[in-house]
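Q: Below you'll find the structure I mean.
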């Protein structure tokens, strides 16, 4: 060995390119740090090789690990690298973690095609999309910047390629938690869990490595249309284990069971006649449903809304959320039904009718509406009386009530019948006058008298003759002289004027029988 080689060996004794060594900080300069790495040489770490935190803390005399890049640079310093020293240590750590199946910590730094990048001690690793979580996350942006624990799946020093998984760690944690949960799980206990998923029929609750189903029917004693009305994904809830199938590891849960069934005491709490206040939750054509308390609903049937109006459309007068007072009619704990009434809180106008009117009394009212069979007359008490079409005239043939009356017309009528228990009162108009079949017609149409009328109808058994408005006579075929082969319609026509003789008068049946036998010939 010549003198130059000896000097070189003495100067860089113990140093080797590519090795990691420990040096002592001599000076911190504006462009880097001078480090003593041997008895006869100094090294230099450029500023960009140091973090801001390291620069703030380093002072002369501090020891620092460095990587020997080159034994001599143009300035006579040993070229050192702080980053490569850390990188080499990280690779050693990753290699150990990979072969020993140890977990490592890393920070997710960004997104790349097929996954995300993870910084592990300065080394960039690849996190495949399938390995991010137990279930593929919808939004991975929120993960950037967060630190997690990973498992090294593959390591390639030459290609500087590291593949990691977070899912494996989560599965291991879940399996450990599952084993713990299964040892304590039994029917009837109260447990806490996290809402994992919501469906139309219920919610899946993570109890700790095992999922339980909370069916929508076990969420509330009241009525709900979707689990989302009570729960959100991620909520922590306290539930009761209803059933636990160990063999199949199936768990059903209950939430409403934390409270007593309100129907158990409904009959005692809501006796008939009690006034209650509730909120409208449903409106139908046949009535409205009122929530009296959570899980207890009552129905106010359309017939119990008003004493007078029987054809009310509930949606015109009520809205969802309205507060309503009502009286309890009936409670059935077994059927979970409560019948309610609004009209029972008001005076019954039919009781006033019973005390105010009597049969035969003349009263006044206003024509309210028409039906094919009659007219409804509004009375002062707020009730309607029925004026049947047959009680409008003694003699006239009335096809429709509007032939005699008009809406809004003031009219006087006679009370014919009162049935308060059936909420009915019938009145008559013709009863204001004397029945002509009792007073006038018997005096006008005397047996044997000749009368003149007009043919209004022809039948196989005879002809009907109108003598005056409301009074018709029948000439039976046996009272008509005709040849055997002659037909009635050949002898008479509608509108023909005929003179006949009265042979019978029945005021009860309102019939007049006539004959033509003595009139022809």
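Read-outs throughout are calculated quantities, based only on the coordinates presented, and are distinct from any laboratory measurement. Treat the numbers as computed from the prediction; the structure is a model and nothing was measured. Every residue, glycine among them, receives a Cβ derived from its backbone with ideal geometry; neighbour counts consider all protein chains shown.
Q: How far, in degrees from 0 to 90, does helix 167-184 lean away from the longest principal axis of the Cα atoms of the chain, to the nearest 10?
A: 60 degrees
Q: Could you calculate the FRET efficiency of residue 28 with residue 117 from 1/(1 + (r/R0)^6), where r is the beta carbon distance between them and R0 is 35 Å, rounded to 0.05? Before the final figure, lay out each step's value.
A: On the way: r = 32 Å, r/R0 = 0.92.
With a Förster radius of 35 Å, E is 0.60.
Q: Counting pairs of alpha carbon atoms under 8 Å apart in space and at least six apart in sequence, what relative contact order in percent does the chain give? Don't skip to the end; give the middle numbers.
A: Values: 1023 pairs, mean separation 29.3, N = 521.
Result for the chain is 6 percent.
Q: Which whole-number percent gives the relative contact order of segment 101-170, counting Cα pairs below 8 Å spaced six or more residues apart?
A: On the way: 138 pairs, mean separation 24.7, N = 70.
Computed value for segment 101-170: 35 percent relative contact order.
Q: Moving on. Once label points are set 7 Å from the Cα along Cα→Cβ at both residue 421 and residue 324, what is their separation, rounded to one decimal in nm?
A: It works out to 2.9 nm between the two label points.
Q: In deg cm²/dmol, rounded to 500, what helix-only [θ] at 222 nm does the chain give when every DSSP H run of at least 4 residues adds -39500 (n - 2.57) and the total is split over its residues?
A: Working: 9 runs with 76 residues, N = 521.
Result for the chain, helices only: -4000 deg cm²/dmol.
Q: Calculate the spin-label point distance for residue 487 paired with residue 456, positioning each point 7 Å from the Cα along the beta-carbon direction, and give it in nanometres.
A: 2.5 nm
Q: I would also like to ask the following. Report, for the chain, the % of DSSP beta bridges that are antiparallel, rounded to 5.
A: On the way: 119 of 132 bridges.
Bridges in the chain are about 90 percent antiparallel.
Q: May I ask for the distance between the Cα centers of segment 286-320 and segment 388-434, given as a whole number of Å?
A: 33 Å
Q: Hey, what angle do you get for helix 82-100 against the long axis of the chain, alpha-carbon based, 0 to 90 degrees rounded to 10?
A: Helix 82-100 sits roughly 60 degrees off the main axis of the chain.
Q: Also, quick follow-up: Between residue 446 and residue 154, what is the spin-label point distance in nm, taking each point 7 Å from the Cα along the Cα→C-beta axis?
A: Result: 13.0 nm between the two label points.
Q: Next question. Roughly how many whole Å is it from the C-alpha centroid of segment 452-478 to that of segment 173-190?
A: 98 Å
Q: Given (i) 26.2; (ii) 35.5; (iii) 54.3, which label gives mean projected area of the Cα convex hull in nm² as computed from the coordinates?
A: Here the calculated entry is (iii).
Q: Expressed as a whole number of Å, what is the distance separating the alpha-carbon centroids of segment 220-242 and segment 16-35?
A: Cα centroid of segment 16-35 versus Cα centroid of segment 220-242: 63 Å apart.
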